[in-house]
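First comes the structure, then the notes that go with it.
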Amino acid sequence: MNKTAEKLKEYMKKFQQYQTIEALLSWDLSTMTPEKGIESKTDALGYFSTESFRLATSKEYGEILKELSAPEQFQQLDDAMKVTVRRELRDYERFVRVPEKFYTEYVTLKARSQKAWESAKKANDFSVFAPYLDKVISMTKQYVRYMEPDQKPYEVLLDLFEEGMNSAAIDRIFDELKVGLRPLLEKIKASRQPDLSALQGKYDIQAQKKVQDMLLSYIGFDFTQGATAESEHPFTTEIGSGDVRVTNHYKEDDPIAAMFSAIHEGGHAIFGQNIDPSYENTAVMQVNLMGLHESQSRFYENILGRNPNFWSPVYSKLGELLPNFKEIPFDTFCQAINYVQPSLIRVDADEVTYCLHIILRYEIERAIFNDEVTTEELPQLWNDKMEELLGIRPSSDAEGILQDMHWSDGSFGYFPSYLLGSVYDGMFLQQIEKELGSIDDLLAQGKVLEITKWLNTNIHQYGSLYTSREVIERLCGKELSAQPLLDYFNKKYNTIYSLDH
Ligand code: ZN
């Protein structure tokens, strides 16, 4: 390795140190910081993130990256370093184009806007949030115009969360889904609805935690390089190498939500825990490809976790840990975890109607960034689209446009990655079945870990060395399509709801 490449490695190592501290502070703030300790932790977090931002936008760092990107030097780098130089230089150039004064103003606005969103949601009053949202929209447009002056703002945002993705590809995939889901949903709505009253009851929280640990082990979460805690919203975080943690949120009357959060976050964590450690101190260790990351969590949560065969080998164990389940027939449990019904709230939606919740948000974001809708018109547009796509209409903004926090902090372009993840899953499922045989059979035999091993070998170990599009091309040898996901839905729900009879 030449001297400049060595210098880059040193920088990457420094960034890693800052990230470790920042992640640790954020973890502590979300899981256990006492009220009076919040300010000092927040201050420290601000200090370290400013320092690392300075380092990442320093002149010296920019020169190192430019030197290494010159063809004769670039060719000598290994693949991980090539990805690192390319990605870091792109981010560097984007960052230095944003005026510092604007950036500070934008960060402050986003913090205020998040608070305004919280109050607006509580008060069920969009007008409290509207002026902030309006400003966040205009500043986000400006922010990405600074970063990429020659590109359309929404395309830049999509690329920020899922490198290589654009609206033309998403339009094609989402339209395929819209058309394909309609007949299935009509059939489900017309079929006999399951009786789920056997699930009502109180479920001990301590026992629910044991169920979480059992499920995490079952799918392959490694407790020697991971830990768990409680937080308001479940999340996964990597705290330096060899340490990927998950949180969960427990409700006494709904054990299923926590089980599926555990499996979802476990999927994110298994990805992080299995990246090849030789990529340490390169950009490959960080997977900012949100679609690819969601594809892993959603594969565990939906494709595996909602398959009745996933549960048959452990259902009696579930009854031992949480005795309520001894009284609940296995079939009723399977119907409960696959209950499909149009509903208002995205995070509570089933795996089928969930797709439409994302398509709604994507279409609204596209309208916002094409200047086709004003901020005041947004609640109405939301409700109209809800009616068009799901056949139901929110009776308040809290159940409508105010339900998600993403737009309050300028994360436009993030939503599509959830659904792209599921679309990738359809393709991965097809490929796994080609190589390992039927998923139903593997799960019935309790061989979840064989599936985890396949994901480790084919996806996880490479971190972000390949973009999602490249991963799919390498593994499946095909263009991205929503058809495999639709095939999976049709096959599964035809059986569960006996739709062909
Ligand atoms: Zn997730």
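Yes or no: Ser312 hydroxyl-bearing (Ser, Thr, Tyr), away from the ligand (no atom under 14 Å from the Cβ) and under 23 Å from Gln17 (Cα atoms)? When the stated conditions are applied, Ser312 does not pass them. Note on the range 202-308: enclosed helices (runs of 4 or more DSSP H) holding 1 or more residues that are acidic (Asp, Glu) and more than 15 Å from the ligand (Cβ to nearest atom) are 205-219. Total residues in the range 110-130 satisfying the condition of being more than 15 Å from Met405 (Cβ to Cβ) and either in contact (Cβ under 8 Å) with a residue 12 or more places away in the chain or in contact with a His (Cβ under 7 Å, 6 or more places away or on another chain) (or both): the figure is 3.
Kindly indicate whether any position in the range 211-227 is more than 14 Å from Gly266 (Cβ to Cβ) and of a type in the set (D, E, K, R). No: zero hits.
Of the residues Glu162, Glu176, only one is crowded, with 16+ Cβ neighbours inside 10 Å, farther than 30 Å from Ile392 by Cα and among the acidic types (Asp, Glu); which? Before you say what the answer is, go through the steps one by one.
Values: Glu176 fails: farther than 30 Å from Ile392 by Cα.
Just one listed residue meets the conditions, Glu162.
Sort out which residues of the range 68-117 are among the aromatic types (Phe, Trp, Tyr), in contact with a Leu (Cβ under 8 Å, 6 or more places away or on another chain) and within 30 Å of Glu470 (Cα to Cα), and write them in order of number. It would help to see each step written out before you state the result.
The first filter runs over the range 68-117 and keeps only residues among the aromatic types (Phe, Trp, Tyr), leaving 74, 92, 95, 102-103, 106, 117.
Subset that is in contact with a Leu (Cβ under 8 Å, 6 or more places away or on another chain): 74, 92, 117.
Residues satisfying the conditions are Phe74, Tyr92.
Residue-wise test of (1) among the polar types (S, T, N, Q); (2) in contact with a Gly (Cβ under 9 Å, 6 or more places away or on another chain).
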position	(1), (2)
Phe271	no, yes
Ser278	yes, no
Gln286	yes, yes
Leu289	no, yes
Gln296	yes, yes
Asn302	yes, no
Glu327	no, yes
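Listed here are the residues, each with its yes/no results for (1) without any contact (Cβ under 8 Å) to a residue 12 or more places away in the chain; (2) under 27 Å from Gln286 (Cβ atoms); (3) surrounded by 15 or more Cβ atoms within 10 Å (Cβ to Cβ).
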position: Gly410; (1), (2), (3): no, yes, yes
position: Ser417; (1), (2), (3): no, yes, yes
position: Gly437; (1), (2), (3): yes, no, no
position: Gly446; (1), (2), (3): no, no, no
position: Gly463; (1), (2), (3): no, yes, yes
position: Ser468; (1), (2), (3): no, yes, yes
position: Ser481; (1), (2), (3): no, no, yes
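Conditions tested, residue by residue: (1) of a type in the set (Lys, Arg); (2) surrounded by fewer than 18 Cβ atoms within 10 Å (Cβ to Cβ); (3) within 25 Å of the chain's Cα centre (by Cα).
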| position | (1), (2), (3) |
| --- | --- |
| Asp91 | no, yes, yes |
| Tyr106 | no, no, yes |
| Ala123 | no, yes, no |
| Arg145 | yes, yes, no |
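Scanning the range 187-210 for residues that are among the aliphatic types (A, V, I, L, M) and touching a residue at least 12 places away in the same chain (Cβ under 8 Å) yields Ile188, Leu196, Ala198, Leu199, Ile205, Ala207.
Which ones in the range 26-52 are touching a residue at least 40 places away in the same chain (Cβ under 8 Å) and surrounded by 14 or more Cβ atoms within 10 Å (Cβ to Cβ)? Before you say what the answer is, go through the steps one by one.
Step one: list which residues in the range 26-52 are touching a residue at least 40 places away in the same chain (Cβ under 8 Å), which gives 26-27, 30-32.
Once the filter is applied, which keeps residues that are touching a residue at least 40 places away in the same chain (Cβ under 8 Å) and surrounded by 14 or more Cβ atoms within 10 Å (Cβ to Cβ), the range 26-52 yields Ser26, Trp27, Ser30, Thr31.
The lone criterion from (1) of a type outside the set (Lys, Arg); (2) in contact with a Phe, Trp or Tyr (Cβ under 9 Å, 6 or more places away or on another chain); (3) away from the ligand (no atom under 16 Å from the Cβ) left unmet by Leu455 is number (3).
Could you list all residues from the range 222-251 that are among the small types (Gly, Ala, Ser) and in contact with a Pro (Cβ under 7 Å, 6 or more places away or on another chain)? Lay out the reasoning, then the answer.
Taking the range 222-251 first, the residues among the small types (Gly, Ala, Ser) are 226-227, 229, 231, 240-242.
Residue satisfying the conditions is Ser241 alone.
Considered as a group, the residues in the range 385-408 that are in contact with a helix residue (DSSP H, G or I) (Cβ under 7 Å, 6 or more places away or on another chain) and part of a helix (DSSP H, G or I) include one that is surrounded by the most Cβ atoms within 10 Å (Cβ to Cβ), and that residue is Trp407. Scanning the range 282-320 for residues that are touching a residue at least 60 places away in the same chain (Cβ under 8 Å), surrounded by fewer than 19 Cβ atoms within 10 Å (Cβ to Cβ) and under 17 Å from Asp213 (Cα atoms) returns Pro313, Val314, Lys317. Out of contact with any Lys or Arg (no Cβ under 9 Å at 6 or more places or on another chain), surrounded by fewer than 16 Cβ atoms within 10 Å (Cβ to Cβ), of a type outside the set (Lys, Arg) and closer than 22 Å to Ala5 by Cβ, is that true of Pro71? Judged against the criteria, Pro71 is a match. Only residues that are under 26 Å from Met290 (Cβ atoms) and either outside any helix (DSSP H, G or I) or within 15 Å of the ligand (Cβ to nearest atom) (or both) were counted across the range 424-440, and they come to 2. Of the residues making up the range 74-87, those that are surrounded by 15 or more Cβ atoms within 10 Å (Cβ to Cβ) and in a helix (DSSP H, G or I) are Ala80, Met81, Lys82, Val83, Thr84, Val85, Arg86, Arg87.
What number of residues in the range 367-393 are farther than 13 Å from Ile137 by Cα, without any contact (Cβ under 8 Å) to a residue 40 or more places away in the chain and hydrophobic (A, V, I, L, M, F, W, C)? Qualifying residue count, the range 367-393: 2.
Computed from the coordinates by the stated procedures, all read-outs in this text should not be read as laboratory data. Since the model is a prediction, treat every value here as computed from it, not as a measurement. Reconstructed Cβ throughout: ideal geometry from the backbone, glycine too, with neighbour counts over all protein chains shown.
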